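Comments concern the structure below.
The values are calculated or read from the model by the stated rules, or taken from the named source; none is laboratory data. Because the structure is a prediction, the values reported are computed rather than measured. When we count neighbours, we look across all protein chains shown, and the Cβ atoms used for this are built from the backbone with ideal geometry, even at glycine.
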Amino acid sequence: MSLDFAGHEFARASLDHCVKCTICETQCPVAAVTPAYPGPKYIGPQAERFRHGLSVDHSLDYCSSCGICTLSCPQGVKIAELNSQARAVMKADHMPLRDQLISRTTVMGMFMTPVAPLANMALGISPLRVIVEKTVGVHRHAPMPHACSQSFMSWWKKRPEKPEGPRGVVVFFHGCAGGYFEVETSKKTIEVLEHLGFKVLVPKQGCCGLAEQSNGLFDRASASVLKLCDDLRAAGKDLTIISSSGSCTGMLKHEAHEIMGVSDERLRDVGTRVRDVMEFLWELHEAGELPEDFPRIDLTVPYHAPCQLKSQGMGMPALDVLGLIPGLTVVESGRACCGIAGTYGLKREKYAVAQAVGKPLFDMVRATNPHLALCDTETCRWQISQSSGVPTVHPISLVHVAYGLSELRQLIPAGA
Amino acid sequence: MRELSTDVVVVGGGATGVGAARDAAMRGYSVVLVERADLGQGTTGRFHGLLHSGGRYVVSDPGSATECAAENAIVGRINADAVERTGGYFVTGPDDDPGFADKFLAGAATAGVPAKEIDVAEALRCEPRLNPGIRRAIEVQDGTVDGWQLVWGVARSAIGHGAKVLTYHRVTDIVVRNGAVEAVVCHDAKTGEDVRIACSFVINAGGPWSAQIARLAGCEDVEVIPGRGIMVAMSHRLVNRVINRCIYPADGDILVPVHTVSIIGTTDVRAEDPDHLEIPRKEVQQMLDAGEVLVPGFRTSRALHAWAGARPLVKDSRVSASDTRHMSRGMSVLDHAERDNLKGLLTITGGKLTTYRLMAEHIIDRMCEQLGDTRPCTTADEPVPGSESGHNYLVTHRLKDREAERAPGSGDVPTDPIICECELMTRSMFLDLFEQQPDAGFDDLRRQLRLGMGPCQGGFCALRATGLACDAGHADATAATNALRRFLTNRWIGLWPILYGDQVRQTALDYWILQGTLDVEHLPETEEVAS
Amino acid sequence: MKTVVIGAGLAGLVAATRLAQEGADVVLATKGLGGLPTSQGTIDVWGYRDGKRVEAPLDAVAAAPAGHPYAAIGVGAVKDGLAWLAEHLPDWLTGDAAANVWLPTAVGALRPTCLCQPGMLAGAGATRVVIVGLARLKDFQAALIAGNLTRTGRVEARAITIDIPARSGEADSSALTYARAADEPGFAAHLAAAIAPSLGSGEAVGLPAILGLHTPGVGRDLADRLGHPVFEIPLPPPSVAGLRLNDALTTLAKAAGVRVILGSPVTGLKAEGDRVRSVTLASAGHDRDLVADVFVLATGGFETGALALDSYGTVTETALGLPVRVPDGDLIGADYWEAQPLFAAGCAVDVSMRVLDAGGAVVHPNLYAIGGVLAGAQRWKEKSGDGIAVGSAMKAVAAIMGGER
């Protein structure tokens, strides 16, 4: 069966730009590690000319949707987007239960939070993970989020309201992971923003739909993203929206439009206002508005720019901002992808591929600093932490330290 | 000189010629078909790929419309693997007369051509690229047909029924004795040998060249006007159904999805010589303007290739010789016994690919009549080799096949590298056909395999094909390099008239690879580089 | 000084790195990867002039006709560029700037270039050669290459084909997959074992350029094992030889402090008076103004879409809308083998590489253009693209930094 969605023609038209130069193939981290995936050029602009409603090609499911192909393409072909759309057609035929479950991030978070210790324990027990693998198809060693006993919103609500700061008002978008699993990152982001003199608003907000989208559930994802836009717009007109959830900002900025064809004024409005927190700090720097009297931090840490951040085409603002801290050496990984690609690396049949994709990164991280690594998105941090054994935090954590809001030893144990 | 003997010689390896050869062979005659180049290299391969529903003619030529509707069903069955049942729309453009659609519907009802008006919204839902400003839409049973696939299928069927097919045999003489045809003399371009084929009947199916052939038998006044039309292939399917303008036939009134491309056609200009058909930039512009009416943004879509074909239109005293569009599109059989007192020669021209089988039936009926036979035509009943299953072509086929080779559980890893990646042609497809047709040039293989017909136009695959030909022992380095040079030279004929936009990027990269990196232009010179 | 370089091909990477080395703050903005991965991985300066072989490329540069990019670049900048490359990429580039070498191509022609990769050098002047094909690598067909090399009359070549998989489970492997395999220890030994039995005395061994992506010396290792000279032949994309240069130069640029913004096209500029104040970067979600003192356009030619010809026959520069110089007369001709005038279209520049308008006046005093976007060359026919890229980058950087001092 075929799916009707407006975005298809947009991405499909972009295949006209493909000159078969193979640059996407040379950069694809999945094709580099397995012959099961014929590569982005084949699956994208090449196969697309042969598609017509029917789902006849299945090797595209090996595409992790990391988006490096689109990013690298010198000609402007929406390769990853074409792949995602073709997958949506494929999944419309036979959607595994697992893909439906792991794409419901909010539900999973809400379910796990009140019972966090129990949930964490359950997910830590190997026999249970074997059962989960066999029944649901989530690999027994795949990184699973560590549920926090307190959700971000319950922390936020219990917090005394801050007065309006001298720098105006911004809106904070926490994302599902930032709401339930990566609560620390959300807290630190808000504390840094408030330290800089902003008043932060946090409207009640739902999921951006990214996981649903990456699993081909476009209808649900489109509804989710528009609902989120309404939530964020409710906080106020024209306010900058700041997020420490790098992948969710990507969904708002371009993916919902380019992959699913969501063409809605609300999305356009939010998409142009949303900033990744490190991007926002770098914009302040460029405008000469960032206080930069940082103390010296003598430390060398690896930094991995996640695919979904790179695909926003803004360079690596975390690297730029942390470069302002004296003594701090941040080593860019220079590796393509950690392998997790949202939920890809969780899947039983993809786990080995994802581990192979990430291996050069894990090696680099361990070799650079075995005690601390930096990365902007949640699932990538889980993947790096789990697979390299190196605790991995959002770069805002070091900014938090640099502004004196926390201490380095909270990130790195003494003596390490 | 080699000597052959047969009942019937068919001159011309287009759809009409192979159709006639098959028909005669199925009626039990011994048949030799001679073609000066490769099968389907003339008009049959140089059209827009439409399998008419008859819709185009319901107002202007109801007789043709009825024929088309009937043959559409037959050809879709007997040449199933060459036909895609795309369906089609006739749409009224924003500035077109909406009244024509009423005439169309009335004409269709009279002619027996299935046609149904549908909501414009429904048409736009099914074809999202269509101009949202269209005012009416009528659904018809247009299909698309690969002329080369069709011709080869029909030729294989003819061969299966005992016919002999000689390609690269140019007719140099038709020997007449005592007012009757006695033999046909050909020159075999591949061996340089002359061949004399003794026969009792000759069918001239030379299309736009049929006047030249008739002249070899001394029949001077056959007037066949080559009506030149250009077509432009766009890089992917902008639409998945045939889209016709619902107006009186005009230039650029049709957009046809064939294989992985969509083809806009066509113009109609009298040409002097069917061997030299230009592709004027002015006409390309006309096609782009016409495409824009059907699909907004057409002009900025990527054009891949253009070509010109010559319709063989018989001069009709009712219209002036320069107005080819309004000449009869129906087939014409010229009986040279009647006209020229020459027995044993019939010329057939006109018509269209959709009715190739019917044309063949008519002319072989006429031949039987003159030979005093009554053998019935059975060509509508039997599918050609490759079409026995009755499954029609789908654009997804090659992708599905390649995926099947990759699929887990298919036994092993794929062992067949993809040589032409744009059109998903594998090494074994290429080598198997080369094995069957060792004399074939790359263009001959291309027509059957689509080698080099996708977006890169040979930039990546031409080198691979050349190397494989050499590696498999079909050619030494000299011959293979000549074949490569000829292939590139020939691709350019259809490329340079449409170079703009994205295809310029591709051409620049192709030049970079072939001349910049490989330095093909400084390979040792060889004496012949014929086109 | 703040600078923005647009484009990450050979010209852009060299200019950005040089600027950073000279102390400038550099942002390198690029829509995608540059052209190096599609290139042959050597540095051509000038190989054919008016269809005739060029033996001394720098002499040809010195004699470049008016209107050719080399006339503005000059021989000094080209020399500097070659020296800079050889110094910074010692693993991957070698050669004598004064003389071209003639290296076998993957169709069996002998092609001129100036600097080449050390692993290719044994192909120059080899007279007895075995071309080794890999059964699973479709872009390198040994019989054709050997046959054509022999036809040049300068080489006696024969072909063998061996079947060594790049990785298990794959019959259609790209050159890159092979190169990654060759980066692993043991691969050279495998190759040597398969090739050695077929070699006769005095034969040089020609292989596709797959002997390691990031590991220099795989070819040397193989040669030592075989006891025969070994040379690599560059392939069409994906070109491992080109990728090596791309990766090495990108690493160099980042190490020099260049900040790379990948994935967003530059779509226009904002000027203050005649100076460019910023260029517009169409990043996801919102446009971003990159403000700087100096801007360097290094977006390439028609192959990248930096220059475009529309369906009405108009040529434009697509990133910044700059004036272009277009040859008179028909831009595209009916003969495939003739130079197409279209490809000589591009931006005209002064001797500082600043873009000129139709009247020959500098358009923006702080805007420079380098590499494939420049007017006046038939880069592929001349085999001149790399020298133009490197030379114009050096010239522009000298003008920028000199102007600053």
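For first residues located in the stretch C:177-204 and within 18 Å of C:H228 (Cβ to Cβ), partners that are exposed (fewer than 13 other Cβ atoms within 10 Å of the Cβ) and lie 6+ apart or on another chain with Cβ distances below 9 Å form the pairs C:A194/C:D163; C:A196/C:G227; C:L199/C:G227; C:G202/C:T127; C:A204/C:T127.
Residues of the stretch A:243-279 that are surrounded by 24 or more Cβ atoms within 10 Å (Cβ to Cβ) and away from chain C (no Cβ under 11 Å): A:S243, A:S244, A:S245, A:G246, A:S247, A:C248, A:I259, A:M260, A:V262, A:V277, A:M278. Quick one: would you say B:S235 is surrounded by fewer than 24 Cβ atoms within 10 Å (Cβ to Cβ), over 11 Å from B:T347 (Cβ atoms) and among the polar types (S, T, N, Q)? So B:S235 fails the test.
Do the conditions hold for A:G313, that is, is it within 21 Å of C:V26 (Cβ to Cβ), under 16 Å from the mean Cα position of the chain (by Cα), surrounded by 23 or more Cβ atoms within 10 Å (Cβ to Cβ) and within 11 Å of chain C (Cβ to nearest Cβ)? So A:G313 passes the test. Is it the case that the stretch A:326-336 has a residue that's modelled with pLDDT under 95 and of a type in the set (A, V, I, L, M)? Yes: the stretch A:326-336 contains one or more residues that are modelled with pLDDT under 95 and of a type in the set (A, V, I, L, M).
Taken over the stretch C:56-94, the criterion of being buried (at least 20 other Cβ atoms within 10 Å of the Cβ) and in contact with a Pro (Cβ under 9 Å, 6 or more places away or on another chain) is satisfied by C:P57, C:V78, C:W92, C:L93. The condition (being over 26 Å from B:F460 (Cβ atoms), in contact with a strand residue (DSSP E or B) (Cβ under 7 Å, 6 or more places away or on another chain) and β-branched (V, I, T)) is satisfied by just one residue among C:T215, C:T267: C:T267.
From the list B:L433, B:L445, the one residue that fits, being without any contact (Cβ under 8 Å) to a residue 24 or more places away in the chain and within 19 Å of B:T481 (Cα to Cα), is B:L445. Of the residues in the stretch B:352-367, at least one is touching a strand residue (DSSP E or B) at 6+ places or on another chain (Cβ under 6 Å), buried (at least 18 other Cβ atoms within 10 Å of the Cβ) and within 30 Å of B:Q457 (Cβ to Cβ).
When we screen B:E369, B:E388 for residues that are closer than 30 Å to B:R177 by Cα and either assigned to a loop (DSSP other than H, G, I, E, B) or without any contact (Cβ under 8 Å) to a residue 24 or more places away in the chain (or both), the only hit is B:E369.
Selection of the stretch B:80-96 for residues being in a helix (DSSP H, G or I) and of a type in the set (A, V, I, L, M) yields B:A80, B:A82. Within the stretch B:68-79, can one find any residue that is surrounded by fewer than 22 Cβ atoms within 10 Å (Cβ to Cβ), assigned by TED's automatic domain parsing to the domain that holds B:D119 and either of a type in the set (D, E, K, R) or in a loop (DSSP other than H, G, I, E, B) (or both)? Yes: the stretch B:68-79 contains one or more residues that are surrounded by fewer than 22 Cβ atoms within 10 Å (Cβ to Cβ), assigned by TED's automatic domain parsing to the domain that holds B:D119 and either of a type in the set (D, E, K, R) or in a loop (DSSP other than H, G, I, E, B) (or both).
Just to be sure, is B:D510 of a type outside the set (F, W, Y) and at the interface with chain C (Cβ under 7 Å from one of its Cβ atoms)? No. Restricting attention to the stretch B:151-168, and to residues there that are of a type in the set (G, A, S) and part of a loop (DSSP other than H, G, I, E, B), which single residue is surrounded by the most Cβ atoms within 10 Å (Cβ to Cβ)? That would be B:A163. Meeting the requirement of 3 or more residues that are among the small types (G, A, S), the strands (runs of 3 or more DSSP E) wholly within the stretch B:213-312 are B:224-234.
Evaluating B:T43 against the criteria (1) more than 30 Å from B:I174 (Cβ to Cβ); (2) buried (at least 16 other Cβ atoms within 10 Å of the Cβ); (3) of a type in the set (S, T, Y) leaves one unmet condition, (1). Scanning the stretch B:401-427 for residues that are away from chain C (no Cβ under 11 Å) and either more than 20 Å from C:K138 (Cβ to Cβ) or modelled with pLDDT of 95 or more (or both) yields B:A404, B:A407, B:G409, B:S410, B:G411, B:C422, B:E423, B:L424, B:M425.
Residue count for the stretch C:16-56, restricted to those that are assigned to a loop (DSSP other than H, G, I, E, B) and of a type in the set (A, V, I, L, M): 5. Under the condition of being more than 11 Å from every other protein chain (Cβ to nearest Cβ) and basic (K, R), which residue from the stretch B:436-479 is nearest to B:A303 (Cα to Cα)? This residue is B:R450.
Residues that are modelled with pLDDT of 95 or more and either within 10 Å of chain B (Cβ to nearest Cβ) or within 20 Å of the chain's Cα centre (by Cα) (or both) number at least 3 in the following strands (runs of 3 or more DSSP E) confined to the stretch C:97-144: C:101-104, C:110-113. Among the residues of the stretch A:14-26, those that are within 7 Å of chain C (Cβ to nearest Cβ), of a type outside the set (S, T, Y) and assigned to a helix (DSSP H, G or I) comprise A:I23, A:E25. Every listed requirement among (1) over 19 Å from the mean Cα position of the chain (by Cα); (2) at pLDDT below 95 is met by B:G227 save one, (1). Within the stretch C:160-168, none of the residues are in contact with a helix residue (DSSP H, G or I) (Cβ under 7 Å, 6 or more places away or on another chain) and closer than 22 Å to B:E521 by Cβ. C:D183 meets all of the listed conditions (1) closer than 22 Å to A:A36 by Cβ; (2) touching a Gly at 6+ places or on another chain (Cβ under 8 Å); (3) within 14 Å of chain B (Cβ to nearest Cβ) but one, namely (3). Of all residues in the stretch B:209-226, none satisfies being crowded, with 24+ Cβ neighbours inside 10 Å, within 30 Å of B:L304 (Cα to Cα) and in contact with an Asp or Glu (Cβ under 7 Å, 6 or more places away or on another chain).
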